[in-house]
Amino acid sequence: MYFIANWKMFGDLKSLKSLNKVINFSSKYKRKKFKLIYCPPYTLLDSFSKKIRKTRIELGAQNCHFEISNGPFTGSISPSMLKNIGSNYVIIGHSENRNMGDTDSQINKKINSSIKSGLKIIFCIGETLIQKKKKKTNQILSKQILKGLFKINNLNKILIAYEPVWSIGTGAVPRSFELEKNITFIKKILKNKFRIKNPKVLYGGSVNPKNAKNLAAINNIDGFLIGGASQKANNFIDIVKKTII
Ligand code: PGA
């Protein structure tokens, strides 16, 4: 199981302290049992990278530019810069960034350059509430996957995070049968169209210590992408405990 903390635009140097608890907790368990990945804002990547050295926590960024290394792109960060600072993962296609203009084709370019830079990808997909109500979920999910992964090699470097937009930060989570059905649908596309043997699909959207156990009981789920609840070490640890232990 993967547990990925997405801190979004939260956190400062003081928040680094909260990692101590998580490092302590995770050191007691075998590596195979679960994977912990932190995605803090860019400003904290370097400090995180130093802090988690020699621990079992891995580092990810929350986005990147589609240009692989350098260029005249004020305010942007490239995949190779992320790799250079100790990131192993990058979140691409988060709905908060799609909302700010990330298109499927830019997302595809970002995935391509990130893989070439040696990063693993946390590729977010998900339908909005209107699309869900119009029963367009499958259509949206398959479009996002087909366009996002178009002509991408090394597909084993990709984790999919299924995040229904209506569940992010709202407290609403899909019903179990619905979530299971959607994850099965996503895995089917990855297996049939992309020949990925053992695709990994995580769920994200309002995961918290209270609902983690129920969500984890869905048998084809491979982990969680956690926003709000990942900012407090105790909550994050609780989610892992409720799921795994
Ligand atoms: P949330 O965010 O857990 O706060 O709903 C999840 C995400 O956006 O990745």
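The values are calculated or read from the model by the stated rules, or taken from the named source; none is laboratory data. Note that the structure is predicted; figures quoted are calculated from it, not measured. We place every Cβ from the backbone using ideal geometry, glycine too, and count neighbours over all the protein chains shown. Ligands, DNA and RNA are stripped out before the accessible areas are found, and what is left, the full protein with its side chains, is counted by its heavy atoms. Shrake-Rupley method; radii C 1.70, N 1.55, O 1.52, S 1.80 Å.
Take each peptide in 56-62, 94-100, 72-78, count the other Cβ atoms within 10 Å of every residue, and average; sorted highest first, the result is 56-62, 94-100, 72-78.
Helix-only arithmetic for the chain: the sum of -39500 (n - 2.57) across DSSP H runs with n ≥ 4, divided by the residue total, places the mean residue ellipticity at 222 nm at -11000 deg cm²/dmol. Candidate cross-link partners of residue 133 among the aspartates and glutamates, defined by an alpha-carbon separation under 15 Å and a same-chain spacing of 8 or more, comprise 178. Counting only Cβ charges, +1 for Lys and Arg and -1 for Asp and Glu, the dipole size of the range 117-163 around its Cα centre is about 220 debye.
Treating the beta-carbon of each Lys and Arg as +1 and of each Asp and Glu as -1, no other charges, what is the dipole magnitude of the range 2-244 about its Cα centre, to the nearest 20 debye?
Values: 44 positive and 13 negative charges, 197 e Å.
With only Lys, Arg, Asp and Glu charged at Cβ, the dipole is about 940 debye.
Between 185, 177, 34, the GNM of the chain built on Cα springs shorter than 10 angstrom shows 177 fluctuating the most.
If you count only protein heavy atoms with a 1.4 Å probe, what accessible area per residue comes out for the chain, rounded to a whole Å²? Intermediate results must be reported in sequence, preceding the final value.
Numbers: 12370 Å² over 245 residues.
Per-residue accessible area for the chain comes out at 51 Å².
Mind checking the full-extension length gain between residue 143 and residue 13? Use 0.36 nm per residue of separation minus the Cα-Cα distance, one decimal, nm. Before the final figure, lay out each step's value.
Values: separation 130, 0.36 × 130 = 46.80 nm, distance 3.92 nm.
Full-extension gain reported as 42.9 nm.
Taking a cut-off of 12 Å between Cα atoms, list the aspartates and glutamates near residue 21, but don't count ones fewer than 8 places away on the same chain. Reachable aspartates and glutamates: 238. GNM remark for the chain: springs join alpha carbons under 10 Å apart, and the peak mean-square fluctuation among 16, 141, 190 falls on 16. Solvent-accessible area assigned to carbon and sulfur over the range 99-245 amounts to 50 percent, based on a 1.4 Å probe.
In the chain, a dipole from Cβ-located charges (positive for Lys and Arg, negative for Asp and Glu) runs towards its positive end, and of 190, 137, 60 it is 190 whose Cα lies farthest in that direction. Only lysines eight or more places from residue 32 in sequence, or on another chain, were considered; those with a Cα closer than 19 Å are 54, 120, 157, 200, 241, 242.
When the charge dipole of the chain is built from unit charges on Cβ atoms (+1 for Lys and Arg, -1 for Asp and Glu) and taken about the Cα centre, the candidate among 177, 74, 117 whose Cα reaches farthest toward its positive end is 177.
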